[in-house]
Each structure stands twice: as structure tokens, then as C-alpha cells.
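Participant: I am attaching a structure below and will ask some questions about it afterwards.
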Amino acid sequence: MAERFDIVVAGAGHNSLIAAAYLAKAGYRCLVLEGRPIVGGGVKSAQLTLRGFTHDICSSAHNGIHGNPILRDDELKLGEYGLEYIYPDPVYHMPFPDGSYLTQWRDLDRTCEEFAKFSKKDGLAYRRMIAEYETVKPLLNAVAFTPIGFGKPINDRLAEHPHGKLWQRRLTMSAWENVRDTFEDDHCRAFMLGCPYPLQPVQDPMTGRAAYLPLHSSERAGRCRKEGQER
């Protein structure tokens, strides 16, 4: 008799592999089918330049995943299979046409000094922005990693937060409006809107959280890269 499976997963990109791993952990028999000779999708690695140098082909950094239970709670024990992250410093560097630049470091004080080169107020604003975001980040992550229909929606969670109404407003605004209202210097504004690049136009309503994307690249996580052998 042909072997039977409970679930067939089409494609072996990283999202498919994660889903299949969780399903297998739950006791389901899974078959993952991939048409290419290398699995991994957007996060696969290969030798592209010199022998012995393995490159991450499509993704530049793995910032947001560290808030995901897959790594935060080590649910799939990926470290036992060779996953290791490195944390470069400096984190991000942005040169400007006028010859100046702004560098983000893992050290918060050092990064604030970079902003203060252009505006002392903006150096203080960056520090304040991180402190404020840290108070609400657990709520935003909880919603991001909770299936729709399970748990409280974001507005209900924010209603219990001391500054919930302020954050409801910030999330409905555009990323540009949040950055414009927080920073006064155009170099600092450009850095916040381009590090890392958002997935939607920054002037669109409801993109407010994109203004805080650079904080995922802050001194805690950095723009970490995965380390490991080519598969």
C-alpha cells in the first residue's frame, strides 16, 4: 500500500517548513514537496562568490523573528539542528548625498550621539521613542503571533494600556506622520524611514508601525544574520 500522509505541503520555503514542523510536532504525518533542488525559499543559503563563503540569498537580516515563539520560546529547538545567529556591530549605516552619515550601533548611547550630530532634540527623541515602544511591543507581538479569532484584538489590548489611545492613534497614522512629528532633522527622518525599508508606502494611512521598524534593529537584536552550513 502506498504511504499515506495527513497533510501535503506544496513548496519548501521557510514558511512552509515552519508550518510542517509544527504540524509534525502535533502528531500529523506531513509530506513536503519542493520543485527546486534546495529547500528554504527566501532564506536558503548558497555559495555565490568564493568557495567556502555561504550567503543568505534573499533575506538581508532576520530582525522580527526573534519575537516569534519559534525562537523566543525555542519551540522547535532549531539550535539543535545548527541554527546560530551572529550580531554585527555597527547595525546599520546610511550615507547621505551631502557627505554626512548616520550609523546605528548596538549601544543605545552611541546611536543617540549619531542622531545628535544633526539635532540634539532628535538624539533625545530616538531614546524616548525606544523607551515608549518597549512598553507596547509585547502587546503588538502578542497580536502578530496569535491566529485571528484567538485572543484579544489589538484595540482591546491597547484599551488596557496606560497610553493605549495614543498608540491607537499612532498605528492608524502613516509612518511618515509619526517620523515627521518625532524628528526635526531630515537626515534623521530619512534614516528612520529607510532603515530597514518598509513593505508599504510610508505615506499611506495605517502604516504607523513601520516608523518603529528601525527599533527592531536596535541594540538588543541588531540586524542579525543566521550562521550555519549550506543545506
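The values are calculated or read from the model by the stated rules, or taken from the named source; none is laboratory data. In this text, all values refer to a predicted model and were calculated from it rather than measured experimentally. Positions of Cβ are generated from backbone atoms using ideal geometry, with glycine treated the same way; all protein chains shown enter the neighbour counts.
Participant: Every residue in segment 14-37 that is in contact with a strand residue (DSSP E or B) (Cβ under 8 Å, 6 or more places away or on another chain) and loosely packed, with under 14 Cβ neighbours inside 10 Å, please.
Facilitator: Result: 28, 29, 31, 33.
Participant: On to the next question. Would you list the strands (runs of 3 or more DSSP E) that sit entirely within segment 41-127 and hold 2 or more residues that are outside the structural domain of residue 183 (by TED's automatic domain parsing) and either farther than 29 Å from residue 187 by Cβ or acidic (Asp, Glu) (or both)? Spell out the reasoning first.
Facilitator: On the way: elements: 45-47, 54-56, 84-86, 92-95, 101-104.
In segment 41-127, 45-47, 54-56, 84-86 are the strands (runs of 3 or more DSSP E) which contain 2 or more residues that are outside the structural domain of residue 183 (by TED's automatic domain parsing) and either farther than 29 Å from residue 187 by Cβ or acidic (Asp, Glu) (or both).
Participant: Follow-up question, since we're still on this one. So if I check each of 11, 40, 67, 99, which one is at pLDDT 85 or above, under 30 Å from residue 193 (Cα atoms) and surrounded by 14 or more Cβ atoms within 10 Å (Cβ to Cβ)?
Facilitator: Going through 11, 40, 67, 99 in turn, the sole match is 40.
Participant: Also, quick follow-up: Against the condition more than 21 Å from residue 200 (Cβ to Cβ), of a type in the set (Asp, Glu) and either part of a helix (DSSP H, G or I) or modelled with pLDDT of 95 or more (or both), how does residue 132 come out, does it pass?
Facilitator: Judged against the criteria, residue 132 is a match.
Participant: Show me the helices (runs of 4 or more DSSP H) entirely contained within segment 151-216 in which 2 or more residues are touching a helix residue (DSSP H, G or I) at 6+ places or on another chain (Cβ under 9 Å) and crowded, with 20+ Cβ neighbours inside 10 Å.
Facilitator: 164-172, 175-182, 186-194
Participant: Another question, if that's okay. Tell me, please, whether a residue that is closer than 25 Å to residue 90 by Cα, of a type in the set (S, T, N, Q) and at pLDDT 90 or above can be found in segment 179-194.
Facilitator: Yes, that holds for at least one residue.
Participant: Within segment 91-142, track down each residue that is farther than 17 Å from residue 211 by Cβ and touching a Pro at 6+ places or on another chain (Cβ under 7 Å).
Facilitator: Residues satisfying the conditions are 101, 103, 105.
Participant: Still on this structure, I have one more. Quick one: what pairs do we get from segment 23-49, first residue more than 19 Å from residue 62 (Cα to Cα), second small (Gly, Ala, Ser) and part of a strand (DSSP E or B), C-beta under 7 Å, 6+ apart or different chains?
Facilitator: 33/10; 38/46
Participant: Looking for whichever is among the β-branched types (Val, Ile, Thr) and touching a helix residue (DSSP H, G or I) at 6+ places or on another chain (Cβ under 9 Å) here; the options are 65, 38. Which one fits?
Facilitator: 65
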